[in-house]
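Colleague: Shown below is the structure under consideration.
The values are calculated or read from the model by the stated rules, or taken from the named source; none is laboratory data. Since the structure is predicted, the reported quantities are computational estimates derived from the model, not experimental observations. Neighbour counts run over all protein chains shown; Cβ positions are idealised from the backbone, glycine included.
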Amino acid sequence: MSPVKTTTRSVVIRALLGDLFIAALKYVAAGISGSAAMLAEAVHSSSDAVNQFLLLIGYNLSTKKDASKFPFGRGREQFFWSFVAAILVFGISGVLTFLEGIIKLTTHYRITEPISAYVVLAMSFAIDGYVLYISSGLFISKYRKQGYHDLFSFMRDFRDPVLLTALTEDAAAIAGVTTALVGISLSLVTGNNVYDASSSIVIGIIMMLSGLYLSKRSKDLLIGEGISARDQKKIEEILKSNKSVNKILDIKAIYEGPEKILLAMDLNFNDGLSTSDIERAIDEIEISIKSLIPFVDRIYVEAEERNVDLKSKGS
């Protein structure tokens, strides 16, 4: 039997199931132990579950076909729902968790039955760690497949907000569990619950920071972020190597989905070429670009005079 292929959708489904299960356990452990950090983690996992559900909605909607209403497809559904999920992490879950920690700092309470909290945190670490392993494995496979040698550059150029959201939330989940574990342990050892309450504040900050980062990435894609400088350079090199192209006048490209690029180019071709010669050159350019950048879905090429005023044309 061939191994099941890991996809962005399968990563989101795994994360959703894991978050639902572990969130229920965390609420039970929070009720038993009275720990603020445990409650913060329960809210954290609940938030992640809601977000994974929203990501799944966006992913499924993006695959629906409606050429009359959405001629370029619905790939941007993933950008929109990823943005909504990120706002929920920052605006609701992160802020509420942070405020809960502030309130607990001024409240006298006692952590009871810490074993339940430790068992649930251990289970959460194992489940979240497994999901992080799967999501990071898919992320690294894309990194290698696209020929990058610098992970920072790949993260900057990465245009799959659903996978990026799942990966970031998985990493934040591990950080949150670790923070809760430290806070509860310090409170039990010292008898001072300020550490438990403070860990709730830290978990809230972790959620807010991840929400801010993800909302910025999704917002840029939603309003039409262009292709990376790396891909722009590849296209320019292909055009310059084509003997029929005299001058590159303009190149514009945007993402219509995580793996769907719309490319438009204004080119000046050499004098003396017939219509069939230009058509042949355009076919060669399209084949070369799509073979080098597989995400390019549609290419529009317009032959222009060398001194055309593109600014006045686009106004």
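Colleague: Looking at segment 142-200, which of the residues that are assigned to a loop (DSSP other than H, G, I, E, B) and of a type in the set (S, T, N, Q) is surrounded by the most Cβ atoms within 10 Å (Cβ to Cβ)?
Modeller: My answer is Asn193.
Colleague: Report yes if some residue within segment 76-94 is over 20 Å from Glu225 (Cα atoms), of a type in the set (Ser, Thr, Tyr), in the same structural domain as Met208 (by TED's automatic domain parsing) and surrounded by fewer than 17 Cβ atoms within 10 Å (Cβ to Cβ); otherwise report no.
Modeller: no
Colleague: Also: Scan Ile111, Ile57, Ile115, Ile32 and give me the residue that is modelled with pLDDT under 90 and among the hydrophobic types (A, V, I, L, M, F, W, C).
Modeller: Exactly one residue qualifies, and that residue is Ile111.
Colleague: Quick check: anything in segment 210-217 modelled with pLDDT of 90 or more, assigned to a helix (DSSP H, G or I), of a type outside the set (D, E, K, R) and more than 20 Å from the chain's Cα centre (by Cα)?
Modeller: No, because not a single residue in segment 210-217 is modelled with pLDDT of 90 or more, assigned to a helix (DSSP H, G or I), of a type outside the set (D, E, K, R) and more than 20 Å from the chain's Cα centre (by Cα).
Colleague: Taking only pairs six or more apart or across chains, which ones have beta-carbon atoms under 8 Å, a first residue in segment 199-219 that is in the same structural domain as Val95 (by TED's automatic domain parsing), and a second residue that is among the acidic types (Asp, Glu)?
Modeller: Note: pairs meeting the criteria are Ser200/Glu100; Ile203/Glu41; Gly204/Glu100; Ser210/Glu169.
Colleague: Confirm whether Ser244 is of a type in the set (Ser, Thr, Tyr), modelled with pLDDT under 95, surrounded by fewer than 22 Cβ atoms within 10 Å (Cβ to Cβ) and more than 30 Å from the chain's Cα centre (by Cα).
Modeller: Answer is yes for this residue.
Colleague: Would you check which residues across segment 116-125 are under 16 Å from His44 (Cα atoms) and either of a type in the set (A, V, I, L, M) or touching a strand residue (DSSP E or B) at 6+ places or on another chain (Cβ under 6 Å) (or both) and list them?
Modeller: Of everything in segment 116-125, those that are under 16 Å from His44 (Cα atoms) and either of a type in the set (A, V, I, L, M) or touching a strand residue (DSSP E or B) at 6+ places or on another chain (Cβ under 6 Å) (or both) turn out to be Ala117, Val120, Leu121, Ala122, Met123.
Colleague: Give the residues of segment 130-139 that are without any contact (Cβ under 8 Å) to a residue 40 or more places away in the chain and either closer than 15 Å to Val162 by Cα or among the polar types (S, T, N, Q) (or both), sorted by residue number.
Modeller: Ser136, Phe139
Colleague: Filter segment 270-315 down to the residues that are of a type in the set (Lys, Arg) and modelled with pLDDT of 90 or more and list them by number.
Modeller: Selection gives Arg280, Lys290, Arg298.
Colleague: Return yes when Gly224 is surrounded by fewer than 17 Cβ atoms within 10 Å (Cβ to Cβ), more than 31 Å from the chain's Cα centre (by Cα) and on the phi > 0 side of the Ramachandran plot and no when it is not.
Modeller: Spelling it out, it is not the case that Gly224 is surrounded by fewer than 17 Cβ atoms within 10 Å (Cβ to Cβ), more than 31 Å from the chain's Cα centre (by Cα) and on the phi > 0 side of the Ramachandran plot.
Colleague: Filter segment 20-59 down to the residues that are of a type outside the set (A, V, I, L, M, F, W, C) and free of Cβ contacts under 8 Å to residues at least 60 places away in the same chain and list them by number.
Modeller: Across segment 20-59, the qualifying residues are Tyr27, Gly31, Ser46.
Colleague: Tell me which residues, restricted to segment 152-165, are touching a Lys or Arg at 6+ places or on another chain (Cβ under 9 Å) and of a type in the set (A, V, I, L, M).
Modeller: Selection gives Val162, Leu163, Leu164.
Colleague: I'd like the full set of residues that are of a type in the set (Val, Ile, Thr) and more than 22 Å from Ile201 (Cα to Cα), limited to segment 61-117.
Modeller: Thr63, Val84, Ile115
Colleague: Residues of segment 75-127 being of a type in the set (Ser, Thr, Tyr) and assigned to a helix (DSSP H, G or I), which ones?
Modeller: The answer is Ser82, Ser93, Thr97, Ser116, Tyr118, Ser124.
Colleague: Something else about it: Looking at Asp66 and the list (1) among the acidic types (Asp, Glu); (2) assigned to a loop (DSSP other than H, G, I, E, B); (3) in contact with a Leu (Cβ under 8 Å, 6 or more places away or on another chain), which single condition is not satisfied?
Modeller: (3)
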